[in-house]
Amino acid sequence: MGERFVNAYWRGNTLTAVQHDGDGVSLREMRADHSFFVRAADVRAKPDIVRQFRDSRYCTGIVDEGEWVRVRWRYERPDPNHSPVHVRAARFIEEQYKVPTFEADVSPVRRWVVENGIEVDRPRRCYLDIETDSRVPFSKKSQARILAWVIVGEGDGSDVQAGVLESDDDAAERDLLLALWRALRRYDQVLAWNGDRFDYPIILARSERCGLKGEPRRWLWLDHLLLFRRMNVSAAESGEEKQSMTLDAVARAVLGTGKLDGVTGEQSWELWSTNRGRLLDYCAVDADLMRQIEARTGYIELLQTLCEATHTFPDTFGVQPMGQVETFLMRLGHQRGMHFATRFGFTGVHGFEGAFVMEPTSRGFVRDAHVADFARLYPSIILSWNMSPETYRPDVRLKESDIRPAYLSHLPLKTFPIPDGHCGAALTDCVFVNEPRGILSEALDEMLRLRSHWNKLKASLPPGTAEWKDADRRSSAYKIAANSFYGVVGSPFSRFYVREVAESVAQCGVWLIKETIEAAKGRGINVFYGDTDSLFATGCTREQFVEFVRWCNAELYPRLLKERGCARNEVELAYEKGFDRIVMVTAKRYVGRYSHFKGTAASADSKPEVKGLEWKRGDVSRLTRELQGEVIARLMAGTDPPDPATFVPVIEAWRSRVLDGSLELPDVLISKRLAKPLTEYARRVKKDGSFAAEPPHVRVARLLKARGQDVGEGVKIEYYVVDGEEMTVAPASDWTGNVDRFYVWETMVYPPTERLLAAAYPTTDWRQWERARPPKVRAPKA
DNA sequence: ACCTATCTGATGGCTG
DNA sequence: CAGCCATCAGAT
């Protein structure tokens with residue numbers, strides 16, 4: 001085990017490592033290692049290469065490391081539009097001498113962590129909120145004076161520090177910022193809601209403006225909103241908690257309480273002028289809400305555990321799986337004397353075939369369905385086939401190439417047996433060596449070993465205790481990391497990206513689920529749906545399904561994998577759950593009532609499982625979710641499915657509510673994320689040369705931008721559809737109640753429920769309640 | 001800047 | 001003007 005550090009950063013040729021030291025930290029400066037590697041054999045074959053290195057005024061050393069030669073460089077980047085000199089040198093060697101270089105693009109921090117077995121220490125955490133002059137629009141946010149700040153430490157909420165601007169001048173703001181930086185000294189990690197886009201850049205810009213010198217990189221800046229969103233996507237129950245990601249909305253969803261009533265950020269200047277105590281209260285409530293959200297969710301602690309497991313520092317960048325996987329794999333590679341090819345930049349996208357999704361074959365209610373799924377499917381495939389970038393044998397084919405002259409196209413393609421000591425991926429026919437173990441499978445073995453270690457420890461501890469929770473979190477962290485490996489190998493941005501490897505993982509999954517479905521059919525089991533790693537079946541008893549799953553594990557998969565040459569079999573099917581009633585709407589969209597989950601019988605208050613339906617979506621209006629939620633509850637209630645006629649009064653009541661009742665903004669508000677910067681939405685041109693209309697949320701975003709509001713990438717745009725001839729949309733903030741009620745019913749609210757009812761009762765005509773808008777009155781003929 | 005598959009709505013172009 | 005298709009965008 002290496003030494004523990006809180007953080008590290010580099011600039012030029014200096015690397016600074018941050019370590020706990022009493023109540024504060026000590027900074028340890030060392031030389032930043034900007035190296036790359038070449039194979040010793042390549043250098044021996046082409047001695048000119050060494051001469052090139054020696055001649056360079058930037059090369060500071062050539063170190064013989066057995067199989068490898070490490071070439072050290074002084075960091076220099078004369079032109080900010082170009083790569084640093086050592087990366088350019090690597091490219092030159094590759095182009096001129098056709099010799100591969102390794103890891104020229106690795107940052108000195110990662111190199112230091114990887115080569116020295118550095119462990120990630122637990123940072124002292126605090127939650128920060130600032131208030132700025134509300135008269136300045138978001139687009140000019142760094143011109144806004146900071147009016148107040150509050151820092152809340154971890155724990156019970158009693159550790160609070162605060163500052164408020166004394167007077168509206170630069171000297172007072174400088175004092176305020178000095179006090180803030182002084183207060184931060186006790187902490188290492190700073191959480192702020194939307195901090196990356198607001199608090200952090202403003203604090204830095206204002207400090208610079210005041211002439212304050214310092215090194216902000218000694219702290220771990222972690223945007224709480226970013227982390228919450230990432231972690232909560234998979235955890236959220238209904239779409240309600242996905243609709244808005246403001247601190248107030250999330251606090252209401254998670255804690256049941258929001259910000260201070262009657263105060264909004266838009267009043268900060270007024271409050272500062274009239275009631276500074278209240279401004280501070282407001283600011284303090286926000287900072288403490290973050291502390292409470294963490295106490296409830298544990299997302300930051302989970303990230304911490306994940307970062308400790310992968311040797312990544314827990315700041316905003318540490319949230320990204322690519323960095324976590326990269327550090328973990330490079331560390332393992334270092335222990336095994338491996339290096340990875342230099343990445344000079346983005347090499348282009350080459351998509352690949354993914355999972356198998358079966359078109360649902362059932363109509364209406366399905367009773368007594370059994371669901372089986374593969375345990376950790378993709379990790380188990382990587383392990384069984386020993387799939388890894390370096391175990392892949394692109395030179396070995398199992399089939400003759402289909403690229404051949406046309407006059408030979410009538411001949412069947414020749415096939416070749418899988419060579420000894422190798423295994424062949426299904427469908428892609430890519431070949432992998434069985435020995436030595438690939439770095440990817442070794443990493444997964446390690447991840448799954450650690451997961452099982454913490455699971456066992458957890459089982460031995462009293463449930464709910466701090467130790468139990470810690471073991472639980474560590475087990476989840478290893479599961480999350482293990483599941484992200486496949487995605488990283490499949491990402492063209494990753495240094496471990498090999499398209500064929502990622503595709504082979506997915507296609508072996510396709511093959512396994514298809515073989516399993518065929519085997520089930522052979523036993524008279526009716527499979528009516530399946531997606532990626534699961535199959536949904538009827539036509540057999542629970543005992544028969546248990547027996548089928550047992551047989552798959554004991555006989556089917558061992559045989560199939562042996563035929564493909566696998567030296568190992570980690571594939572495992574499990575009987576996950578039963579539904580006593582399920583309605584399939586389409587692929588990836590269904591609602592079902594559990595009979596049991598992993599053998600545990602469902603109780604009267606077991607909630608139905610909802611997948612993909614609008615009720616789960618954060619971008620539809622509240623009325624859409626509420627009507628569908630009510631229908632879901634009714635469909636899933638009672639000992640038998642209800643009569644379709646019972647839904648008629650429900651539909652009619654909702655219809656008249658939408659068309660004639662009172663409607664509040666939240667009822668009809670639509671919320672969509674800007675998935676890219678506003679500038680990147682290309683304006684399409686119509687045939688007549690004029691511009692086509694842009695998507696509604698983009699139109700609204702352009703309007704908001706003109707008003708100086710935050711419309712950056714990732715921001716949710718809230719709007720509603722205004723009553724009128726064409727489809728016109730307005731920002732939620734412009735709400736006057738003039739909503740297009742016909743549009744709300746015909747397009748927003750009824751169709752999602754109509755589709756669900758049509759799926760449950762295919763013979764009933766549910767369209768008759770759809771039309772609401774009176775037909776247009778034709779203009780009288782002239 | 002972890003994958004692909006799928007569904008849905010807005011928009012525009014075309015057809016009868 | 002309804003119906004169909006293609007394209008883009010977003011969410012899951």
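For A:Leu411, what charge total do you get from the other residues with a beta carbon under 15 Å from its beta carbon, if Lys and Arg give +1 and Asp and Glu give -1? Neighbourhood net charge equals +1. For the stretch A:1-90, a crude dipole built from +1 on the beta carbon of Lys and Arg and -1 on the beta carbon of Asp and Glu, taken about the Cα centre, is about 380 debye to the nearest 20.
Ranking of A:Cys59, A:Cys283 by neighbouring Cβ atoms within 10 Å, starting from the fewest: A:Cys59, A:Cys283.
Measuring between their Cα centroids, the stretch A:465-481 and the stretch A:713-779 lie 45 Å from each other.
Which order results if A:His82, A:His697 are arranged by neighbouring Cβ count within 10 Å, fewest first? Don't skip to the end; give the middle numbers.
Working: A:His82 10, A:His697 23.
Going from least to most buried by this count: A:His82, A:His697.
The distance linking the stretch A:106-124 with the stretch A:293-328 is 14 Å (Cα centroid to Cα centroid, whole angstrom).
Based on other C-beta atoms within 10 Å, arrange A:His370, A:His311, A:His20 from fewest to most.
Values: A:His370 27, A:His311 19, A:His20 16.
Arranged by neighbour count, lowest to highest, A:His370, A:His311, A:His20 become A:His20, A:His311, A:His370.
The overall shape of chain A is oblate: from the C-alpha gyration tensor, with semi-axes ordered a ≥ b ≥ c, the ratio a/c is 1.5 or greater and a/b is no larger than b/c.
Of all lysines in the structure, those lying under 16 Å Cα to Cα from A:Lys98, and not within fewer than 8 positions of it along the same chain, are A:Lys46.
When the Cα positions of A:Thr14, A:Ala32, A:Trp73 are compared along the charge dipole of the stretch A:4-119, A:Trp73 comes out farthest toward the positive end, with charges on each C-beta of Lys, Arg, Asp and Glu. For A:Thr101, the residues whose amide H sits under 5 Å from its own are A:Thr342, ignoring neighbours fewer than 5 places away on the same chain, with H placed 1.01 Å from N. Remark: chain A carries a charge dipole of roughly 1620 debye about the Cα centre, counting +1 on each Lys and Arg Cβ and -1 on each Asp and Glu Cβ. Answer rounded, prolate or oblate for the stretch A:125-304, using the Cα gyration tensor with square roots of eigenvalues a ≥ b ≥ c: rounded when a/c is under 1.5, else prolate when a/b is larger than b/c, else oblate. Prolate shape, in that a/c is at least 1.5 and a/b is the bigger ratio.
The aspartates and glutamates within cross-link reach of A:Lys607, meaning a Cα-to-Cα straight distance under 20 Å and a gap of 8 or more places when in the same chain, are A:Glu237, A:Glu240, A:Glu241, A:Asp368, A:Glu576, A:Asp580, A:Glu626, A:Glu630, A:Asp640. Here's the picture: charge each Lys and Arg Cβ at +1 and each Asp and Glu Cβ at -1 in the stretch A:641-769, and of A:Val650, A:Ser662, A:Gly714 the one pushed furthest to the positive end of that dipole is A:Gly714. In terms of its C-alpha gyration tensor, the stretch A:641-769 comes out prolate, because a/c is 1.5 or above and the ratio a/b outweighs b/c.
Quick note: the coordinates plus some simple rules give every number you see, no bench work behind them. Being a predicted model, the structure only gives us computed values, none of them experimental. Virtual Cβ from ideal backbone geometry, glycine too; neighbours counted across all protein chains shown.
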